Amino acid sequence: MRMRIEKKDEKSGLADYSSSNQPFVQVQMVTYNHENWIERTLLSILHQTYPLIRILVIDNNSSDQTVSKIHALFPDIEVIENQRNIGYSAAHNLGFQNALESDIEWVMTINPDVELLPDYVEKIMYRIHDFPDAGGFTGKLLRGKENPYNQIVDSTGLVKGPFFHVFDRGANCKDSPSNSFSNEVWGVCGAAAIYFLPMFMDIQMWNGNYFDESFFIYKEDVDVCWRSQIRGWKFYYIPDAVAYHNRGWKKNSPPSQLAIIHSFANQIALLMTYAENPLYKFLCMMVEFIRLTRIFIVHPSLATQILQKIFKQYQFVIQKKAFYRENSEWREVSS
């Protein structure tokens, strides 16, 4: 008989097994030198009003005190300690596989710089039956909670913009009443997303990946949304679920070189894989060429590293596109 969740263990913050009909939810987080944020993030998870079946941290060989801090403060939380940094996508795939092996249907991915309000998971799980075609959900992500009367939006879902770029909807804008309604969104930001695991099984890659591991970091959530779109899955925004995303980079500070390299190369991979209209793809490629030229003028060594990353991914991208054209109900998703 399949076991379900009924109540939380007050000591560990996790759920007990019983015959309740509440769906299993696993919360998983990938860490890499996040000792400064890990305590407040894990506390916000442990204080969730919805009973969680598992809290899983996958650490990518942090060199700071992240892991020892978790063990000291939260001894009941399960930690997978990788012996090297295998990347954000590969680490999360370990968590997804754990969930599938445990008959868990819903997995929340949360970044180590996110703080959830106590009813974040409950507000979303309360609505899952309203959207039977849902592959994932997101709540309202705000930028910090220092000023509750002037909240700035981090993400209310993902939206497809011009030139094949995908953006966080409402990012950097003041929160407004227009964000108070549930609706379908193009995709969800993986910083605080709740995914339906049967969707991941449906879009699983030929090499067993759920998140594409060639996307070491950045845009892996966008790639999942593209694949899910092809298979007919949808995503929804639930405004009553609120979290604060204290991003490692801020509006007025530049992203790291590592972020620029992977983000740029992964954008090219998305464009090559999913854009079908030849003229539109050519136009988008010209836009990326102009962006790369500007980087080359200012920082030629950085542009060289971007090109190396693009060429390294090229054969895999060709293989990936061929797989989806041959094995999915392919439709043009670029228009």
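The values are calculated or read from the model by the stated rules, or taken from the named source; none is laboratory data. Because the structure is a prediction, the values reported are computed rather than measured. We place every Cβ from the backbone using ideal geometry, glycine too, and count neighbours over all the protein chains shown. Remember, those area values only see protein heavy atoms, side chains included, never the ligands or the DNA or RNA. Shrake-Rupley method; radii C 1.70, N 1.55, O 1.52, S 1.80 Å.
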Of the residues LEU94, TYR126, PHE74, the Cα lying farthest along the dipole of the stretch 71-135 towards its positive end, which is defined by charges on the beta carbon of Lys, Arg, Asp and Glu, belongs to LEU94
Using a 1.4 Å probe, how large is the accessible area of LYS321, given in Å² and rounded to the nearest 10?
40
Between HIS34, HIS299, HIS92, find the one with the highest GNM mean-square fluctuation for the chain; connect C-alpha pairs within less than 10 Å.
HIS299
Please return the longest stretch of the chain lacking exposed loop sites, where GluC sites (Glu not before Pro) count only if DSSP places them in a loop and at most 13 other Cβ atoms lie within 10 Å.
147-328
Can you find, among THR273, MET199, ILE238, the residue farthest towards the positive end of the dipole of the stretch 194-286? Put +1 on the C-beta of Lys and Arg, -1 on that of Asp and Glu.
ILE238
Can you tell me the 0 to 90 degree angle between the C-alpha axis of helix 88-101 and the longest principal axis of the chain, rounded to 10?
40
Determine the distance separating the Cα centre of the stretch 275-307 from the Cα centre of the stretch 254-274; give it in Å without decimals.
10
Cut-off under 13 Å on the C-alpha distance; same-chain residues fewer than 8 positions from LYS321 excluded. Which aspartates and glutamates are left, in chain and number order?
ASP212, ASP223, GLU276, GLU329, GLU332
What's the extension gain from ASP202 to PHE311 if we count 0.36 nm per residue and subtract their Cα-Cα distance?
36.4 nm
Rough spin-label spacing in nm, given labels placed 7 Å along Cα→Cβ, for VAL298 and ILE80
3.7
Run the helix sum for the chain: -39,500 (n - 2.57) per DSSP H stretch of 4+ residues, divided by residue count, reported at 222 nm to the nearest 500 deg cm²/dmol.
-11500 deg cm²/dmol
Solvent exposure of the chain as accessible area per residue, Å², 1.4 Å probe
47
Does the stretch 176-335 classify as rounded, prolate or oblate by the C-alpha gyration tensor (a ≥ b ≥ c root eigenvalues; a/c under 1.5 gives rounded; else a/b over b/c gives prolate, otherwise oblate)?
oblate
Return a whole-number percent for the relative contact order of the chain, with Cα pairs under 8 Å and 6 or more residues apart as the contact set.
16
Using 7 Å Cα-to-Cβ label points, what is the ILE230/MET286 separation (nm, one decimal)?
2.7
Among the listed pairs LYS174/LYS281; LYS123/LYS145; LYS140/LYS320; LYS69/LYS309, which are separated by more than 28 Å between their Cα atoms?
LYS174/LYS281; LYS140/LYS320; LYS69/LYS309
For the chain, the longest stretch holding no chymotrypsin sites (Phe, Trp or Tyr not before Pro) located in a DSSP loop with at most 10 other Cβ atoms within 10 Å is which?
1-148
How many angstrom separate the Cα center of the stretch 166-204 from the Cα center of the stretch 27-105?
22
Amide H contacts under 5 Å for GLN22, restricted to residues at least 5 apart in sequence or on another chain and with H modeled in the peptide plane, are ILE5
Given [x] 62, 44, 38; [y] 115, 46, 35; [z] 56, 46, 42 as candidate values of Cα extents along the principal axes in Å, which corresponds to the one derived from the coordinates?
[z]
For the stretch 59-128, what's the relative contact order in percent, using C-alpha pairs closer than 8 Å and at least 6 residues apart?
28
